[in-house]
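As structure tokens, the structure follows; a few thoughts come after it.
The values are calculated or read from the model by the stated rules, or taken from the named source; none is laboratory data. Small disclaimer: the values here were computed from a predicted structure and weren't measured. Positions of Cβ are generated from backbone atoms using ideal geometry, with glycine treated the same way; all protein chains shown enter the neighbour counts.
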Amino acid sequence: MLVFPNCKINLGLHVLNKRQDGYHSIETVFYPVNWCDALEVIENKKNKTPFTWSQTGIEIPGEIENNLIYKAWKLITEHKKIPPIAVHLHKTIPMGAGLGGGSSDAAHFIELLDKKYTLQLDYSLKLHIASQLGSDCAFFLRNNPVFAEEKGDQFSTIQLDLSQYYILVVYPNIHSNTKEAYDGLIPKIPKHPLKQIITTQPLANWKNTLSNDFEVSIFKNYPKINLLKEHMYASGAIYSSLSGSGSSVFGIFKEQPVISFPKDYSFYLQKPEIKIL
């Protein structure tokens, strides 16, 4: 069985305060984008090894025990019996990019196993498993625009449709460290709540009102990421921003952008959907 885990971008991100548990309270909007990995699971009938892993595309460093897909499998097996499986991931979504690719892989893996083996996992259990893997992992179980708050793991529906626009996402070949992004960042309550901006203001106003607090520290440490955002606006973007804690930058365009990037950059262009009446 084959699925295609997609990524997300953050429309604005405010860091409000530091919590007693050591995490930060934030507010942001997650918006799905169709830059996808490919994930396949087949039953391992050859050697009956419970979990066999293979991977192509962008190399994922580290031990398999630290991989979110493997962790998801371990958590599911605590509740359901699963035959021996062979898992293959073809990775195209960059890591350390603020796009949530790893979380998406894990969430889609949960859904894939549920369907493939008719596990009948109820949504609350899927949510419980996903929440143990990452604050944004549960978002990909819904895969619709949401307003996220608290640790970024409390969701509410938001009416937002960008399907008529081009969305260009660019990864400048810089791995962003979330801890590093928080260094030097001073949490604050914004003058205008993020949800209010997105639901009441036209997209053309976002350039002046919708911000990502991580841009201060990330742009200071990596000036070429700031230059990438400026390049988006110079090329006609209506709105451009860092996604999450970076390092990817996205631009929203009314017309198809024509932009050149260094060879070591990677990018994805999501085109407007054609509405069939």
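Quick notes on this one:
- Restricting S163, S176 to those that are in contact with a Phe, Trp or Tyr (Cβ under 9 Å, 6 or more places away or on another chain) and not hydrophobic (A, V, I, L, M, F, W, C) reduces the list to S176.
- Number of the condition not met by K18 [criteria: (1) loosely packed, with under 12 Cβ neighbours inside 10 Å; (2) in contact (Cβ under 8 Å) with a residue 60 or more places away in the chain]: (1)
- Considering residues of the range 230-277 that are in contact with a strand residue (DSSP E or B) (Cβ under 8 Å, 6 or more places away or on another chain) and charged (D, E, K, R) only, the residue surrounded by the fewest Cβ atoms within 10 Å (Cβ to Cβ): E255
- Residue match in the range 119-135 (condition: under 30 Å from N226 (Cβ atoms) and modelled with pLDDT under 95): yes
- Every pair of residues 6+ apart whose Cβ atoms lie under 7 Å, when the first sits in the range 172-184 and is without any contact (Cβ under 8 Å) to a residue 40 or more places away in the chain and outside the structural domain of G102 (by TED's automatic domain parsing) while the second is outside any loop (DSSP other than H, G, I, E, B) and surrounded by 13 or more Cβ atoms within 10 Å (Cβ to Cβ): D183/S217; G184/S217
- The condition of being in contact with a Lys or Arg (Cβ under 7 Å, 6 or more places away or on another chain) and touching a residue at least 40 places away in the same chain (Cβ under 8 Å) holds for only one of I218, I238, I198, I225, that being I238.
- L242 in contact with a Leu (Cβ under 9 Å, 6 or more places away or on another chain) and more than 21 Å from G12 (Cβ to Cβ): no
- Considering the conditions (1) surrounded by 17 or more Cβ atoms within 10 Å (Cβ to Cβ); (2) acidic (D, E); (3) out of contact with any His (no Cβ under 7 Å at 6 or more places or on another chain), E27 is excluded by exactly one of them, (3).
- Residue match in the range 35-57 (condition: under 27 Å from Y182 (Cβ atoms) and of a type in the set (F, W, Y)): yes
- Options I85, I58, I93; residue that is closer than 17 Å to C7 by Cα and over 16 Å from the mean Cα position of the chain (by Cα): I58
- Scope the range 148-198; condition more than 19 Å from the chain's Cα centre (by Cα), modelled with pLDDT under 95 and in a helix (DSSP H, G or I); matching residues: Q196
- Criterion applied to L127, L133 was being hydrophobic (A, V, I, L, M, F, W, C), in a loop (DSSP other than H, G, I, E, B) and either touching a residue at least 12 places away in the same chain (Cβ under 8 Å) or out of contact with any strand residue (DSSP E or B) (no Cβ under 7 Å at 6 or more places or on another chain) (or both), and the one residue passing it is L133.
- The range 30-46: number of residues that are surrounded by fewer than 20 Cβ atoms within 10 Å (Cβ to Cβ) and either free of Cβ contacts under 8 Å to residues at least 60 places away in the same chain or among the acidic types (D, E) (or both): 8
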